[in-house]
Amino acid sequence: MVYKSDPNAIYSHLRKRFGFLDWWPGETKFEIMVGAILTQQTTWTNVEKAISGLKAAKLLSLDKITKTERRSLEKIIRPSGYYRQKAQRLLSICKSIKREYGTLDRLFSLDKTELRDALLSYKGIGKETADSIILYAAEKPIFVIDAYTKRAMHRINPKIGEDISYGELQDYFEKRVKRDLVLYQDMHAQFVELGKNYCRTRPLCVGCPLNKICQYGSASIRRKH
Ligand code: SF4
């Protein structure tokens, strides 16, 4: 049995099963950024409801949102959960961007490291959110690590510890995978699809596209036979 924790090999198995995933919906960069902020601690279905509300109220722009009362914003984004905190943070982030850069395009024109530092300086934007904004809204190649990716990688290769840091796992991918925007976007999407459909808290290894290269999956299937 050959176990493979090379991300490129994993990707090729996932891609064969799931196909190319045209991921992270959003008609504008601003909408994608707002989605990345609202998706914290909730499901995408709830984010979609909040985004639809913002669209219906014609608030999906930096200018419009910064002129909105916090209370009104709370009401509109309520479906996304933690709506008071999220409204306050969204407003504060948008006002800071407006004050410091004027437009989203100017913020996104920073080089990747400067952009990441700027995003991380805003309360409510952690590493995963910052990297999602950089990858999908600013369209610069950076590898996004999420809980699905971390869990699957640990199961595929237990040498990748459960406690591996965000930065260490990001380096692991970025050292091995060609730096390419579409590839990074699709690879992240594939891990999310894997985590939702197979590599769940209780993994469904029998039908998983990685069960021949994953240590945990192979061992669990052997035990069942
Ligand atoms: S084989 Fe099982 S443990 Fe391994 S990635 Fe698939 S679902 Fe997760």
Starting from the Cα of residue 88, step 7 Å toward the Cβ, then list every residue of segment 118-152 with an amide N under 13 Å from that point.
-> 123-124
Rounded if a/c is under 1.5, else prolate if a/b is larger than b/c, else oblate: which is segment 83-156, with a ≥ b ≥ c the root eigenvalues of its Cα gyration tensor?
-> oblate
Among segment 76-101, those whose backbone N falls under 19 Å of a label point 7 Å along Cα→Cβ from residue 121 are 89-101
Contact order relative to length of the chain, as percent, for alpha carbon pairs under 8 angstrom and 6 or more apart = 27 percent
Quick one: Karplus J couplings for segment 149-164, per residue in order, coefficients 6.51, -1.76, 1.60, θ = phi - 60°, nearest Hz, x for Gly and Pro?
-> 5, 5, 5, 5, 5, 5, 6, 5, 9, x, 5, 7, x, 4, 9, 4
Starting at the first residue of segment 31-42, write each ³J(HN,Hα) from the Karplus equation 6.51 cos²θ - 1.76 cosθ + 1.60 with θ = phi - 60°, in whole Hz, x for Gly and Pro.
-> 4, 5, 5, 4, x, 5, 6, 6, 6, 5, 6, 7
Too-long pairs where the Cα-Cα distance tops 26 Å, listed order kept, from 55/196; 55/86; 64/150; 29/64; 196/224; 49/175 | 55/196; 64/150; 49/175
Distance between segment 45-70 and segment 85-156 - C-alpha centres, whole angstrom = 18 Å
By counting other Cβ atoms within 10 Å of each Cβ, how are 225, 154 ranked from fewest to most?
-> 225, 154
Work out how much length residue 56 to residue 174 would gain on full extension: take 0.36 nm times their residue separation and subtract the Cα-Cα distance, in nm to one decimal.
-> 38.6 nm
What longest range of the chain stays clear of loop-exposed GluC sites (Glu not before Pro) (DSSP non-H/G/I/E/B, at most 14 other C-beta within 10 angstrom)?
-> 70-138
Between rounded, prolate and oblate, where does the chain land on the alpha carbon gyration tensor, with a ≥ b ≥ c its root eigenvalues, rounded for a/c under 1.5, else prolate if a/b exceeds b/c?
-> prolate
How large is ³J(HN,Hα) for each residue in segment 13-25, as worked out from phi by the Karplus curve 6.51 cos²θ - 1.76 cosθ + 1.60 (θ = phi - 60°), to whole Hz, x for Gly and Pro?
-> 5, 5, 4, 4, 7, 8, x, 6, 9, 7, 10, 6, x
So the compactness index of segment 77-203, its C-alpha Rg divided by 2.2 N^0.38 Å, takes the value 1.16
Counting alpha carbon pairs within less than 8 Å and at least 6 residues apart, what relative contact order, in whole percent, applies to segment 29-137?
-> 31 percent
How large is the Kirkwood hydrodynamic radius of segment 29-137, in angstrom, based on all distinct alpha carbon pairs?
-> 13.7 Å
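Values quoted throughout were computed directly from the atomic coordinates according to the rules given, and no laboratory measurement underlies them. Predicted, not measured: the structure shown is a model, and the values here were computed from it. Reconstructed Cβ throughout: ideal geometry from the backbone, glycine too, with neighbour counts over all protein chains shown.
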